[in-house]
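Encoded as structure tokens, the structure appears first; notes follow it.
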Amino acid sequence: MSRIMLNATNTMNQLQRQLDTIGHNIANVDTIGYKNRQSTFQELLVRQSNNQTLNQYDSVRNTPLGIRMSSGAGLAQTKLNLTQGALKNTDRMLDFALAKEDQFFTVQVTENGQTSTQFTRNGVFYLSPINNNEVMLVTAEGHPVLDSNEQPIVLPENVKDIKLQSEGIILAELNNGQAIARELGMAQVIRPQMLEARPGSLFALPPVEIANPQDVVGFIQGAARQDINLRQGMLEQSNVDLASEMTEMTLMQRSYQFNARSVQFADQMMGLVNGLKS
């Protein structure tokens with residue numbers, strides 16, 4: 001296979017991955033708390049062909065000798081974009097929105113018998129009945145919302161009203177006039193690119209063992225909770241810019257078509273050479 005066809009097919013494979021990322025962003029344009037991903041490309045391996053010899057003019061050259069032949073372009077990184085999404089007013093008691101880009105709610109997720117703490121920006125919560133005349137604060141998928149001690153938030157079932165206070169404190173007012181305070185568990189993401197995306201706008205630490213997980217995600221405790229910025233009765237919308245994604249999709253499709261034509265032209269040239277008669 002000619003080098004033209006190799007370069008083009010390598011690039012087409014990477015462009016398809018970029019189109020998949022764009023399609024995923026567009027599909028989640030209305031997903032609460034969704035964070036889009038942005039891809040960057042880089043040149044693949046370059047082959048150096050030393051087909052030139054030194055001469056008297058090489059002392060003033062600005063480029064090295066020889067020919068450098070690329071192997072195409074590759075997807076270098078898919079970067080998580082934590083840019084703040086627009087806040088939408090819902091006036092719902094259990095809708096909470098985060099107004100700082102690097103802060104996340106902590107939730108408890110059980111998968112395949114394993115329980116772990118995961119993180120989300122989706123603040124759509126519900127009160128789910130449990131045993132002993134109590135209710136638990138859960139996400140839309142039923143995952144328990146954790147408090148500052150990484151324990152599920154449990155309240156009496158006779159909750160009349162819930163108000164969100166500063167520093168991420170929820171104050172539950174009961175029918176008998178009693179009030180109960182709980183601290184929402186909050187985390188600050190330090191290295192978002194190391195997080196692994198999970199279904200339901202969730203993020204988790206990667207499955208590989210990390211020497212210092214606190215260098216990736218830190219739990220907000222003590223005096224640091226004064227920096228928490230929460231809004232009640234509001235939700236953070238997806239930060240996907242549909243116009244930008246559609247423009248990027250068009251560019252990627254044109255690039256894909258260009259490389260496909262390169263493969264076609266190379267095939268035609270090889271056909272002409274094979275058809276030559278001595």
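The values are calculated or read from the model by the stated rules, or taken from the named source; none is laboratory data. What you see is a predicted model, and the numbers here were worked out from it, not measured in a lab. Every residue, glycine among them, receives a Cβ derived from its backbone with ideal geometry; neighbour counts consider all protein chains shown.
Overview of results
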| quantity | calculated |
| --- | --- |
| Some residue of segment 219-226 being in contact with a Leu (Cβ under 9 Å, 6 or more places away or on another chain), surrounded by 16 or more Cβ atoms within 10 Å (Cβ to Cβ), assigned by TED's automatic domain parsing to the domain that holds Tyr126 and not β-branched (Val, Ile, Thr) | no |
| Residues satisfying the stated conditions in segment 183-196, i.e. assigned to a strand (DSSP E or B), at pLDDT below 90 and either more than 15 Å from the chain's Cα centre (by Cα) or surrounded by 20 or more Cβ atoms within 10 Å (Cβ to Cβ) (or both) | none |
| Test: Ala73 is among the aliphatic types (A, V, I, L, M), surrounded by 15 or more Cβ atoms within 10 Å (Cβ to Cβ) and modelled with pLDDT under 85 | yes |
| Test: residue in segment 142-153 that is out of contact with any strand residue (DSSP E or B) (no Cβ under 6 Å at 6 or more places or on another chain), within 27 Å of Asn25 (Cα to Cα) and at pLDDT 90 or above | yes |
| Scope segment 197-217; condition surrounded by 15 or more Cβ atoms within 10 Å (Cβ to Cβ) and more than 19 Å from Glu236 (Cβ to Cβ); matching residues | Ala204, Leu205, Val216 |
| Set Glu245, Glu167: member being modelled with pLDDT under 85, within 30 Å of Thr106 (Cβ to Cβ), in a helix (DSSP H, G or I) and out of contact with any Pro (no Cβ under 7 Å at 6 or more places or on another chain) | Glu167 |
| Pair list, Cβ under 6 Å, 6 or more apart: segment 136-148 residue within 14 Å of Leu94 (Cα to Cα), other residue outside any strand (DSSP E or B) | Leu137/Ile153; Val145/Ile153 |
| Subset of segment 227-250 [surrounded by fewer than 13 Cβ atoms within 10 Å (Cβ to Cβ) and under 30 Å from Ile4 (Cβ atoms)] | Thr247, Thr250 |
| Residue in segment 172-182 that is under 30 Å from Asn112 (Cβ atoms) and surrounded by 13 or more Cβ atoms within 10 Å (Cβ to Cβ) present | yes |
| Any hit, segment 171-179, residues being in contact (Cβ under 8 Å) with a residue 24 or more places away in the chain and assigned to a strand (DSSP E or B) | no |
| Any hit, segment 156-179, residues being basic (Lys, Arg) and in contact with a helix residue (DSSP H, G or I) (Cβ under 6 Å, 6 or more places away or on another chain) | no |
| Among the residues listed as Ser262, Ser238, the single one being assigned to a loop (DSSP other than H, G, I, E, B) and either under 30 Å from Leu87 (Cα atoms) or not assigned by TED's automatic domain parsing to the domain that holds Thr139 (or both) | Ser238 |
| Subset of segment 233-248 (residues that are within 10 Å of Gly33 (Cα to Cα) and among the acidic types (Asp, Glu)) | Glu236 |
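So that you can scan it fast, the table gives a plain yes or no per residue for (1) at pLDDT 70 or above; (2) assigned to a helix (DSSP H, G or I); (3) in contact with a strand residue (DSSP E or B) (Cβ under 7 Å, 6 or more places away or on another chain); (4) aliphatic (A, V, I, L, M):
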| residue | (1), (2), (3), (4) |
| --- | --- |
| Leu6 | yes, yes, no, yes |
| Gln16 | yes, yes, no, no |
| Leu19 | yes, yes, no, yes |
| His24 | yes, yes, no, no |
| Gln38 | yes, no, yes, no |
| Gln52 | no, no, no, no |
| Gln77 | yes, no, yes, no |
| Gly85 | yes, no, yes, no |
